[in-house]
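**Q** Could you have a look at this structure, given as structure tokens, before my questions?
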Amino acid sequence: MNNLPESTQRVAAELLRLSHPHAPRMLDDAARTAQQAADQLGVQLGQIAKSIIFRRKEDDTAVLVITSGDRRVDEKKVAALVGKIGRADAEFVKQRTGFSIGGVSPVAHATPPVTLIDRDLLRFDVVWAAAGHPHSVFPLQPGDLQRLTGAPVADVIQEVP
């Protein structure tokens with residue numbers, strides 16, 4: 001584990017603490033986008049669990065929306081659940097989560113975010129999430145996201161045409 005980036009070591013330690021059976025794995029190339037991750041893993045785009053960070057306006061709290069790689073977040077639906085939100089810049093994401101954009105994990109955040117899980121992830125048996133670094137990912141079942149994060153499953157995506 002010592003050869004992993006520090007941020008991925010943090011995720012690996014948290015997954016171990018939570019008794020998750022799969023450790024992070026390093027990819028040959030960066031997977032800053034869901035499509036890059038899907039291509040490297042040989043899986044469907046929807047099987048990539050994207051971690052999108054927003055900034056809640058009323059208290060400057062990070063809001064993490066974990067969504068399927070082939071879906072787009074509906075900010076109005078998220079705001080209806082957590083309060084008014086705005087975009088989070090790279091500095092805010094790094095400060096609040098401890099991760100850089102492109103490597104935000106669902107777990108092991110520097111400051112625990114308000115988290116929502118896209119119900120469309122439940123259509124897959126296995127999904128892949130970032131593990132703290134653009135080169136690291138880990139597999140899990142969508143139901144594991146609830147166990148690992150304590151977050152509710154919600155309708156947070158734009159309507160699919």
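The values are calculated or read from the model by the stated rules, or taken from the named source; none is laboratory data. Please read all numbers here as calculations on a predicted model, not as lab measurements. All Cβ positions, even for glycine, are placed from backbone atoms using ideal geometry, and neighbour counts span all protein chains on display.
**Q** List the pairs whose first member sits in the range 87-103 and is at pLDDT below 95, whose second member is in a helix (DSSP H, G or I) and not β-branched (Val, Ile, Thr), and whose Cβ atoms are under 6 Å apart, counting only residues at least 6 apart or on separate chains?
**A** So the pair list comes out as SER100/LYS94; ILE101/ALA90.
**Q** Kindly indicate whether any position in the range 68-86 is within 12 Å of the chain's Cα centre (by Cα) and surrounded by 17 or more Cβ atoms within 10 Å (Cβ to Cβ).
**A** So far as the range 68-86 goes, yes, one or more of its residues are within 12 Å of the chain's Cα centre (by Cα) and surrounded by 17 or more Cβ atoms within 10 Å (Cβ to Cβ).
Condition check ((1) under 12 Å from GLN47 (Cα atoms); (2) of a type in the set (A, V, I, L, M, F, W, C)) across all residues:
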position: PRO112; (1), (2): no, no
position: ILE117; (1), (2): no, yes
position: LEU121; (1), (2): yes, yes
position: VAL126; (1), (2): yes, yes
position: PHE138; (1), (2): yes, yes
position: GLY143; (1), (2): no, no
position: THR149; (1), (2): no, no
position: PRO152; (1), (2): no, no
position: ILE157; (1), (2): no, yes
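**Q** Considering the range 99-124 alone, what residues qualify as being under 21 Å from ALA31 (Cα atoms) and more than 13 Å from the chain's Cα centre (by Cα)?
**A** PHE124
**Q** Restricted to the range 13-39, and to residues that are closer than 14 Å to VAL104 by Cα and buried (at least 20 other Cβ atoms within 10 Å of the Cβ), which residue is modelled with the highest pLDDT?
**A** That would be PRO24.
**Q** Another question, then. Answer yes if at least one residue in the range 114-122 is crowded, with 17+ Cβ neighbours inside 10 Å, in a helix (DSSP H, G or I) and touching a Leu at 6+ places or on another chain (Cβ under 9 Å), and no otherwise.
**A** Within the range 114-122, one or more residues are crowded, with 17+ Cβ neighbours inside 10 Å, in a helix (DSSP H, G or I) and touching a Leu at 6+ places or on another chain (Cβ under 9 Å).
**Q** Select from the range 129-161 the residues that are among the small types (Gly, Ala, Ser) and buried (at least 22 other Cβ atoms within 10 Å of the Cβ) and write down the one among them that is farthest from the chain's Cα centre (by Cα).
**A** Restricting to residues being among the small types (Gly, Ala, Ser) and buried (at least 22 other Cβ atoms within 10 Å of the Cβ), the top hit is SER136.
**Q** Which members of the range 93-123 meet the condition of being closer than 23 Å to ASP155 by Cβ and in contact with a Pro (Cβ under 6 Å, 6 or more places away or on another chain)?
**A** Within the range 93-123, LEU121, LEU122 qualify.
**Q** Moving on to the next point. Being buried (at least 22 other Cβ atoms within 10 Å of the Cβ) and under 15 Å from ILE157 (Cβ atoms) is the filter here; which residues of the range 48-62 pass it?
**A** ILE48, ALA49, LYS50, SER51, PHE54
**Q** Being assigned to a loop (DSSP other than H, G, I, E, B) and modelled with pLDDT of 95 or more narrows it down to one of ALA129, ALA151, so name that one.
**A** Answer to the check: ALA151.
**Q** When both residues are 6+ apart or on different chains and their Cβ atoms are under 8 Å apart, which pairs have a first residue that lies in the range 125-148 and is under 13 Å from GLU14 (Cβ atoms), and a second that is assigned to a strand (DSSP E or B) and aromatic (Phe, Trp, Tyr)?
**A** Final answer for the pair search is ALA129/PHE138; ALA131/PHE138; PHE138/TRP128; LEU140/TRP128.
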